[in-house]
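Participant: First, the structure itself, so that you have it in front of you.
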Amino acid sequence: MYSKEELQRGLKTRVIGKKIFAFDSIDSTNICVKTLAEAGAEEGAVVIAEHQTAGRGRLGRSWESTPGANLLFSVLLRPTVKKEQAGFLTFYAAVAVARAVEAVTGSTTECKWPNDVLLNGKKCCGILLENSLQGDTLHYSIIGIGLNVNQERFGDGLTEKATSLACELKQQFDRKQILQRILEELDSFYSDVKQSIFDRVLEEWNVRCTMFGRHVILARADREFSGTAVGLSPDGGLILQTPKGRITLYAGDVTLSQLS
Ligand code: BT5
């Protein structure tokens with residue numbers, strides 16, 4: 001376990017990581033950041049844990065992680081972003097993770113709508129964005145990041161779709177170095193985000209997204225949609241060209257099928 005002093009030492013950031021809270025075990029780093037946010041904590045606070053007893057994905061799903069092997073952390077932000085743009089914060093986090101992983105490993109990554117980063121086509125990182133709104137504006141945002149770094153095996157049902165940096169690149173990585181790099185990437189884009197400027201984030205995300213122009217299936221709890229992924233809507237939805245016309249979807253799990 002890294003101490004917060006170790007994590008802060010040499011960290012070149014202005015906002016992100018100015019306060020770090022490090023735990024051996026916690027329910028969920030997102031839950032902890034929510035408590036901090038409600039108590040008025042300043043933006044940039046980071047909560048990191050070696051193990052989560054209730055690590056969460058979207059829609060109440062769980063996030064599994066071998067204790068001490070990966071990165072599990074959440075960041076509190078308070079940018080004054082309009083609610084239509086609040087979803088872009090997931091892309092912002094994905095780009096920061098992608099850039100950090102690429103810098104540390106020398107490999108290329110993919111960004112998959114809405115909240116994944118992939119390595120060699122498999123999910124190495126999931127992002128859980130939890131926004132609290134005040135009227136039409138963001139009050140605070142919790143960006144939860146789970147990045148599989150040194151985990152070597154995944155449980156039943158995950159082996160097909162999950163991976164880690166160690167699994168793909170056959171070596172162990174320094175988690176502290178990767179975390180610091182992610183925090184620095186988040187920090188370097190944050191002055192844009194604070195001014196609601198997402199052009200650079202979206203450009204970086206689009207470059208890494210391989211689904212546009214391809215036939216995809218989007219599964220939601222209530223139904224499935226299929227069509228060609230055309231691009232992102234101005235508020236971060238996925239635009240699908242279907243036989244009945246274009247539709248924009250805001251949630252779901254995407255599977256790529258054959259080239260269309
Ligand atoms: C996500 O949800 O991908 C968001 C995961 C966010 C986890 C971080 S860890 C720190 C912070 N604190 C939290 O409590 N959460 C955040 P979703 O797109 O719904 O994907 C969840 C699904 O991914 C699960 O249902 C599994 O199928 C799969 N999954 C679970 N653990 C995984 C892992 N370690 N690697 C890859 N896939 C995993």
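The values are calculated or read from the model by the stated rules, or taken from the named source; none is laboratory data. Just so you know, these numbers come straight off a predicted model, no measurement behind them. Glycine also receives a Cβ, built like all others from the backbone with ideal geometry; neighbour counts cover every protein chain displayed. In case anyone asks, the SASA skips ligands and DNA or RNA and just uses the protein heavy atoms, side chains included. Shrake-Rupley method; radii C 1.70, N 1.55, O 1.52, S 1.80 Å.
Participant: Among what's in the range 126-158 and is assigned to a strand (DSSP E or B) and within 8 Å of the ligand (Cβ to nearest atom), pick the residue that is farthest from Ala39 (Cα to Cα).
Facilitator: Among residues in the range 126-158 that are assigned to a strand (DSSP E or B) and within 8 Å of the ligand (Cβ to nearest atom), the one farthest from Ala39 (Cα to Cα) is Gly126.
Participant: A further question follows. Against the condition over 19 Å from Glu185 (Cα atoms), in a helix (DSSP H, G or I) and among the aliphatic types (A, V, I, L, M), how does Ala41 come out, does it pass?
Facilitator: no
Participant: Scan Ala41, Ala49, Ala45 and give me the residue that is free of Cβ contacts under 8 Å to residues at least 40 places away in the same chain, surrounded by 16 or more Cβ atoms within 10 Å (Cβ to Cβ) and within 13 Å of the ligand (Cβ to nearest atom).
Facilitator: The match here is Ala49.
Participant: Return yes or no: is Val117 within 25 Å of Glu64 (Cα to Cα), within 16 Å of the ligand (Cβ to nearest atom) and in a strand (DSSP E or B)?
Facilitator: yes
Participant: State the number of residues belonging to the range 81-112 that are closer than 30 Å to Leu133 by Cα and either among the basic types (Lys, Arg) or part of a loop (DSSP other than H, G, I, E, B) (or both).
Facilitator: Counting residues in the range 81-112 that are closer than 30 Å to Leu133 by Cα and either among the basic types (Lys, Arg) or part of a loop (DSSP other than H, G, I, E, B) (or both) gives 7.
Participant: Out of the residues in the range 56-89 meeting the condition of being within 21 Å of Val149 (Cα to Cα), among the small types (Gly, Ala, Ser) and open to solvent by 10 Å² or more (accessible area, probe 1.4 Å), tell me which one is farthest from the ligand (Cβ to nearest atom).
Facilitator: Gly68
Participant: Moving to a separate point now. Filter the range 18-35 down to residues that are assigned to a loop (DSSP other than H, G, I, E, B) and closer than 19 Å to Gln180 by Cα and give me whichever is nearest to the ligand (Cβ to nearest atom).
Facilitator: Result: Lys19.
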